[in-house]
Amino acid sequence: MKAAVWVLLGTMLGRCRLEGEAQQSMQCGIENGPSAELEERHSLTPSDLDNISARIVETEGTSQLNITWTISADASIRTLRATKICISTFSHPICIRCDYLKTFESQSKFADQKWQFYYVGFPVEENTIYYIYGYNLPPANPYEDPPSKLVTVTSPDCEDDILKYSKTCIEKGSLWDPNITICKMDSEIEVNFTASPLSSIYTILICESEDECSDLTHKTASNIKLTPYFPRCENDCQRHSEYQIKCTEKPSIGAIKTHSLGVYVCILAAVFVKVCVIAAVLYVKKTHGTVRMCPLFHSSVQQTPAKILVIYPPDVCIHHTVLAFAEFLREHCQSDVVIDVWQKRRIAEIGPVQWLTTQKELADKVIFLTPSHLGPACDSGCKRSIEGHGENSECMFTLAYNLFCSDWKIQSSLHKYMVVSFSDAHSNESLPSALTICPKYFLMKDFDSFLRELYLSQSSSCSKGSRSKGLLSHLKSKFQI
């Protein structure tokens, strides 16, 4: 286990609780040194743990160990004060101590069920063996057999259905699908794949067999190996070799000449039409003076609306700000807007980490809304909505910030992100530090610049200059500004 993981453990808060509803509680904390009870002699000590087990769970993008232990049901339970759980790989163990806040008054909870507790808080790395042992306090006296229970857990690799959604595995490319296609031509091979925002360097090996590979293309190659360079795994990242063959048919020389001739004819025809239109415009202008010209042509191709993911902090007014802003983008900018409150069911099905990762890959723009004070337009009903929704939105805002921040280190990825504020009274000091590198717009002040930025990602009526003042007035009325 890497040392950095243990440092993280020392700063994070684990969750510990009793299974069931019986009246007992405990408090857990880190205790890596010897327990104070070892320096004393005890006339009575508790029995060994009845059982201890562990499994891997995913919690807010982090894979952790869920450790469960059961107390032996006998009279010695009255002397039980605490339980100590230690975990180690091949380094020094890390231990937690869980103190029971009340004396046990019965040997079992109810219906002869034994007392059972669990703790979640140890981060898990892939392909690692964990040795977990626990014992009760006060411990056995010197020269007595120290009772303890041991369990071993081996974590899988990043292809596991739980670990692949953890932050560590995502940064190693566990959710990346390169979608490799190749096009074999007469003297070369064209390789296409979907790049990941976490890697800017790739190695492509063209292979004649599984054992013979080189970095030179060859017309008889039958195997392709694509290796990314993710910061977490560097030169040891997983190779991808699955691909689809496209455009394998070689066009004939006659077909190439015919195609080239057709292209030239189309270009000449387009130039001729353009000259005729200009001549007609000049003639009309000379004959009738300056007239207002209307567009002669309209695009017959339906533009694909830009997909915009909106992320907002918990203190933004959900009704008067977030929903109003989303409706404006959807109705007046013809954008496909995605916010978490509109996809609660989908988030519940696949989890927030996978949902955010998928939406980021699909989005043309990701907009972070800045924190703001509650204005007079946010009435008491709206404030109750903020209080009820605050925990979920804070979790989603924090997850998005942590998942997306690696993109902001890559200059070519910054165009996808922007920060929008509804008031220029809030400076960059209210933003998380990493967000300050993204383009920021005070919506009511930089409205035209904001529309132009959206126009770069779609051909939208939202950016037609003559309409911007009317749209701004409409937006102010929506936000009740």
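Using a simple spin-label model with points 7 Å from Cα along the Cα→Cβ vector, what separation in nm is obtained for Gln244 and Ser106?
Label-label distance for Gln244 and Ser106, simple model: 6.2 nm.
Give me the accessible area per residue for segment 122-197, probe 1.4 Å, as a whole number in Å². Don't skip to the answer; put the middle values down first.
On the way: 3750 Å² over 76 residues.
Per-residue accessible area for segment 122-197 comes out at 49 Å².
Between Glu190 and Thr154, what is the label-point separation in nm under the 7 Å Cα-to-beta-carbon projection?
The modelled label-to-label distance comes out at 4.6 nm.
List the residues, sorted by chain then number, that are 5 or more residues from Phe442 or on another chain and whose placed amide H is less than 5 Å from its amide H.
Residues meeting the amide H criterion: Ser421.
Under a plain spin-label model, where a point goes 7 Å from the Cα along Cα-to-Cβ, how far apart in nm are Lys445 and Asp161?
In this crude spin-label approximation the distance works out to 5.1 nm.
Tell me the Kirkwood radius of segment 83-174: reciprocal of the mean inverse pair distance over distinct alpha-carbon atoms, in Å.
Details: mean 1/r = 0.0619 Å⁻¹.
Kirkwood radius, segment 83-174: 16.1 Å.
Could you calculate the contour length gain from Asp74 to Cys183, that is, 0.36 nm times the residue separation minus the distance between their Cα atoms, to one decimal place in nm? Walk me through the numbers on the way to the answer.
Details: separation 109, 0.36 × 109 = 39.24 nm, distance 7.26 nm.
Gain in length upon complete extension: 32.0 nm.
Run the numbers for Ser47 and Tyr202: contour at 0.36 nm per residue of separation, minus the present Cα-Cα distance, in nm.
50.0 nm
For Thr59 and Asp315, calculate 0.36 nm times their separation in residues minus their Cα-Cα distance, and state this gained length in nm to one decimal.
Result for the pair: 89.8 nm of gain on full extension.
Percent of accessible area on segment 77-181 owned by carbon and sulfur, 1.4 Å probe? List each step's numbers first, then the result.
On the way: 2440 of 5040 Å².
C and S atoms contribute 48 percent here.
The values are calculated or read from the model by the stated rules, or taken from the named source; none is laboratory data. Remember, predicted model here, so these are calculated numbers, not experimental data. Cβ: placed from backbone, ideal geometry, glycine included. Neighbour counts: every protein chain shown. Just the protein is used for accessible areas: all its heavy atoms, side chains included, with ligands, DNA and RNA removed. Shrake-Rupley method; radii C 1.70, N 1.55, O 1.52, S 1.80 Å.
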